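Asker: One structure, pasted below without further comment.
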Amino acid sequence: MGTAGHQGPVYDVRGLTVDLGARRVLESVDLQIPAGRFLGILGPNGSGKTTLLRALAGTVKPVAGEALLFGKPTHTYRAAELARVVGVVPQQFSLEFSFTVSEMVAMGRYAHSGADHDETAVTAALADTGLGDLADRAVTQLSGGERQRALIAQTLAQETPVLLLDEPLNNLDLNHQLEVMQLLGRLHAAGRTVVVVLHDLNIAAQYCEHLVLVDRGRVAAQGTAAEMLDPKVILEVFRVRVAVHRQGARPYITPLWTKAREATPETEALNVHVMAGGGAASELLEELVLHGFTPSVGVVSVFDTDYVTAQRYELDVLSAPPFQPFPADAVAQMEDLAAHSDAVVVAPVFFSTGNIDLLRVALESARRGRTVVFVDAGSIAERDLTDGRAAELVGQALQAGAIAVPGSREAADVLRRIADDRPR
């Protein structure tokens, strides 16, 4: 079946369910891939990414649902027919015969047997993958990264409108990883539909225009990179907390912690409340999350940067309307949270009559014998907009046993020691 005149998406996946042996690998997957899309498929190990790509390539037969390629189920294509439409770069590759690189790439022309421009297509594929100087070298003499590029070149020589690649960056150093992604970007810009399975979220976000996140055999989320690189989405799919940043139009992430690596039963059991406001606690919150804590936060305005940070890391946050003193019910909730906390941490907030209740509650907590930690207490005079009342409350809390630390890291260290020293 040709592609000319086809209306609708290149791929239309409907309720796709795939079993491998006795194990269900994909469950009711729905996905549409329009012509000319550059799609990245990501997900944890064992989530079903490779099986989804194999279904798109027509090499696995679903037990339910279907994957339509140009309106026809992929597994019903004849091999030669499919090879003129879809080029596939598999994850596993083994070629032990002493073909030259040029001969190996020329194998990609089998579906176009007898075409006049075979040699031109092979030469172009070698040039695009940076293998021109290695054309006469035996494939068995190539490094792992060079073999990977040779396999990509062989697929490019097929000159198909659709490219499917399963982790093509494996065994490549960073320079060649970027070269491959830039090449795929150029092929996409020239009109090809590119679908690539990747592990690196940041690389995917920088090059792919659309991302699909697969988790436990299902499509967990799909959308643009800006939509998918969201802390809540990443936490749900990859079980890791991340910070999201932006450089230019594309987002990127940095990992903070995973429960398997950073958190302990002790840190998870320690109840911490952070007095925040005016963006003063954002760094502190990230530091505490990095150390495995999940503090409650507040009271803060719904327009406050600290409110946004707390939501980003799915922390419980008490909010209040902006530009006015805290409502009585919000203060009561803060008092209750502090009373049930093992530790209260006060960020270097600017204090006015509108938020002075933060310090009053912190002082009460210190007098009751709870751990109270002030971050950068030495600068309180500069942050006191209450004619000395805020500084007085901080001083009283320190006299009652509160701890003063210079920064966020030191505050996290104090809490970590408390958590580790608690009776098991």
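The values are calculated or read from the model by the stated rules, or taken from the named source; none is laboratory data. Keep in mind that what you see is a predicted model, and the values were worked out from it rather than measured. Cβ placement follows ideal geometry from the backbone for every residue including glycine, while neighbour counts extend to all protein chains displayed. Surface accessibility is based on the protein's heavy atoms, side chains included, excluding ligands, DNA and RNA. Shrake-Rupley method; radii C 1.70, N 1.55, O 1.52, S 1.80 Å.
Asker: When the chain is fully extended, how far beyond the present Cα-Cα distance does residue 243 get from residue 107, taking 0.36 nm per residue of separation?
Answerer: 44.5 nm
Asker: Here's something else I'd like to know. Rounded to the nearest 10 Å², what accessible area does residue 291 have for a 1.4 Å probe in the complete protein model?
Answerer: Approximately 40 Å² of residue 291 is accessible to the 1.4 Å probe.
Asker: Using a Förster radius of 22 Å, what is the FRET efficiency between residue 61 and residue 35 based on their Cβ-Cβ separation? Nearest 0.05, please.
Answerer: It comes to 0.35.
Asker: What is the distance in Å between the Cα centroid of region 346-381 and that of region 220-250?
Answerer: Here the answer is 34 Å between Cα centres.
Asker: Roughly to the nearest percent, how much of the accessible area of region 129-288 is carbon and sulfur, given a 1.4 Å probe?
Answerer: 46 percent
Asker: Explain nothing, just the number: relative contact order of region 18-73, from Cα pairs under 8 Å at least 6 residues apart, as a whole percent.
Answerer: 36 percent
Asker: Evaluate the relative contact order of the chain (contact order divided by residue number), counting alpha-carbon pairs under 8 angstrom at least 6 apart; express in whole percent.
Answerer: RCO, the chain: 12 percent.
Asker: Something else about it: Counting each DSSP H run of 4 or more residues in the chain as -39500 (n - 2.57), what helix-only mean residue ellipticity at 222 nm follows after dividing by all residues, to the nearest 500 deg cm²/dmol?
Answerer: Calculated from helices alone, the mean residue ellipticity at 222 nm is -10000 deg cm²/dmol.
Asker: Filter the trypsin sites (Lys or Arg not before Pro) in region 13-105 down to the DSSP loop ones having no more than 15 other Cβ atoms within 10 Å, then list what survives.
Answerer: Filter output for region 13-105: 78.
Asker: So, one more: Using Cα-Cα distances under 8 Å and only pairs 6 or more residues apart, what relative contact order does region 277-387 have, in percent?
Answerer: Averaging sequence separation for qualifying contacts and normalising by length gives 24 percent for region 277-387.
Asker: Right, next: If you filter region 281-387 for trypsin sites (Lys or Arg not before Pro), then keep DSSP loop positions with at most 14 other Cβ within 10 Å, what is left?
Answerer: Answer in residue order: 368.
Asker: Okay, moving on. In the full protein assembly as shown, how much of residue 371 is accessible to a 1.4 Å probe, in Å² to the nearest 10?
Answerer: 40 Å²
Asker: Let me ask something else. May I ask you to give the solvent-accessible area per residue for the chain, in square angstrom, as obtained with a 1.4 angstrom probe?
Answerer: Accessible surface, normalised per residue, equals 45 Å².
Asker: Another one. May I ask you to compute the full-extension gain from residue 22 to residue 328, defined as 0.36 nm times their residue separation minus their alpha-carbon distance, rounded to one decimal in nm?
Answerer: Answer, rounded to one decimal: 104.3 nm.
Asker: Still on this structure: Counting only the heavy atoms of the protein chains, how much of residue 218 is accessible to a 1.4 Å probe, in Å² to the nearest 10?
Answerer: Surface accessible to solvent at residue 218 totals approximately 120 Å².
Asker: May I pose another question? Starting from the Cα of residue 216, move 7 Å in the Cα-to-Cβ direction to define the label point; list residues of region 45-78 whose amide nitrogen is under 19 Å from there.
Answerer: In region 45-78, the label zone of residue 216 (backbone N under 19 Å from the point 7 Å along Cα→Cβ) covers 45-52.
Asker: Using DSSP to call loops (not H, G, I, E or B), can you name the chymotrypsin sites (Phe, Trp or Tyr not before Pro) in region 284-341 whose Cβ has at most 12 other Cβ atoms within 10 angstrom?
Answerer: Of the chymotrypsin sites (Phe, Trp or Tyr not before Pro), the ones in loops of region 284-341 whose Cβ has at most 12 other Cβ atoms within 10 Å are 303, 323.
Asker: Right, here's the next one. Considering the Cα positions of region 265-304, please state its Rg to one decimal place and its Dmax as a whole number of Å.
Answerer: 10.6, 33
Asker: Oh, and also: Provide the FRET efficiency to the nearest 0.05 for the residue 399-residue 311 pair, computing r from the beta carbons and using R0 = 25 Å.
Answerer: For R0 = 25 Å, the calculated efficiency reads 0.10.
Asker: Here are several values of volume of the Cα convex hull per residue in Å³: (i) 119; (ii) 153; (iii) 192. Which one was derived from the coordinates shown?
Answerer: (iii)
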